[in-house]
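A short write-up of the structure that comes next.
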Amino acid sequence: MGEEFDVPESHPRYQSLLTRHRIEAGVEKGITSKQGLIAEGRGEALDYLLGETTIPSADAAERAAAAHLLLADHPVLSVNGNVAALVPGEMVELAAVVDAALEVNIFHRTEERLNAIVEHLHEHGATDVKGQTADARIPGIDHERATVDADGIYEADVVVVPLEDGDRAAALAEMGKTEIVVDLNPLSRSAQTAAVPIVDNIMRAIPNVTDHARDLQDAPASELRTVVDEFDADDALAAAEDAIRSGDLA
Ligand code: ATP
């Protein structure tokens, strides 16, 4: 995708530079919006303060997310322009492991960008991508931002909405869905409304949810429910905020 990324892995800022490169390439390819560049900058600053690592409370959230997805009847993973640029193959893999649908759901909706993201996911191994039918609406949200597929997010019992806008996250929670949010800002409305807020970089979060899902795949439902019940969203948000405000960057 785009120009080659030729920074060596030994570079101390390798992950951060790779992330920027993917977002930039996403904009060039027409899958990420310019607003997505700004969101990336905010996320990067928070990740720096978090120590660019998956803190224990985020790992617990990622395990709880995996348990929710395995217990779900109709799980859906939502993909926007930043998610498509940063973790396309990883989202396809997670969807396969937990048997979830993928749905493109973008804030700055244009048919062109929507189709480009669907195509991009196909290039990364997806076979069925929802989001183009757009035959249902999330109640309480304005115009095209409300549009979803009736047999996708609209019907879902568990949704993963990474880097989601706060309004839509709140409206989806209002519909009674179990919402899993990935957002580096523990104070964002999306993180605050989620049943499972994952305060971690999506580049680390999604592969780790997949690892947990593989680990829990053959576990009985009772064990999955215990993982879900033992997770406390408020504690996880407080731990993340504490790590960001007072973390030791050494
Ligand atoms: P709200 O949720 O309150 O509407 P916002 O307006 O800041 O907050 P958006 O711009 O809609 O949120 O979403 C971007 C969010 O995604 C930001 O909180 C940002 O920190 C987060 N973010 C950006 N890049 C990443 C990333 N790579 N991994 C995880 N989170 C990220």
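The values are calculated or read from the model by the stated rules, or taken from the named source; none is laboratory data. Remember, predicted model here, so these are calculated numbers, not experimental data. With ideal geometry, Cβ positions are generated from the backbone for all residues, glycine too; neighbour counts draw on all protein chains shown. Accessible surface is based on the protein model in full, side chains and every heavy atom, while ligands, DNA and RNA are left aside. Shrake-Rupley method; radii C 1.70, N 1.55, O 1.52, S 1.80 Å.
Overview of results
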quantity	calculated
Filter result for the condition that a residue is more than 10 Å from the ligand (Cβ to nearest atom), assigned to a helix (DSSP H, G or I) and open to solvent by less than 40 Å² (accessible area, probe 1.4 Å), over GLU62, GLU40	GLU62
Failed item, numbered, when VAL181 is tested on (1) assigned to a helix (DSSP H, G or I); (2) β-branched (Val, Ile, Thr); (3) surrounded by 16 or more Cβ atoms within 10 Å (Cβ to Cβ)	(1)
Test: residue in region 190-209 that is within 12 Å of the ligand (Cβ to nearest atom) and at pLDDT below 95	no
The one condition in (1) of a type outside the set (Asp, Glu); (2) free of Cβ contacts under 8 Å to residues at least 60 places away in the same chain; (3) closer than 14 Å to VAL76 by Cβ; (4) within 7 Å of the ligand (Cβ to nearest atom) that MET175 fails to fulfil	(4)
Options ALA213, ALA169, ALA146, ALA191: the member that is more than 14 Å from the chain's Cα centre (by Cα) and crowded, with 21+ Cβ neighbours inside 10 Å	ALA213
Qualifying positions in region 194-207 - surrounded by fewer than 24 Cβ atoms within 10 Å (Cβ to Cβ) and under 12 Å from the mean Cα position of the chain (by Cα)	ILE202, MET203, ARG204, PRO207
Selected residue (only one of ALA85, ALA67, ALA25 is in contact (Cβ under 8 Å) with a residue 40 or more places away in the chain, within 13 Å of the ligand (Cβ to nearest atom) and hydrophobic (A, V, I, L, M, F, W, C))	ALA85
Every residue from region 88-120 that is more than 16 Å from the ligand (Cβ to nearest atom), out of contact with any strand residue (DSSP E or B) (no Cβ under 7 Å at 6 or more places or on another chain) and open to solvent by less than 10 Å² (accessible area, probe 1.4 Å)	HIS120
Filtered residues of region 151-163 (kept if touching a Leu at 6+ places or on another chain (Cβ under 8 Å) and assigned to a loop (DSSP other than H, G, I, E, B))	ILE153
Search result, residues across region 229-238 that are among the aliphatic types (A, V, I, L, M) and either more than 20 Å from the chain's Cα centre (by Cα) or surrounded by fewer than 19 Cβ atoms within 10 Å (Cβ to Cβ) (or both)	ALA233, ALA238
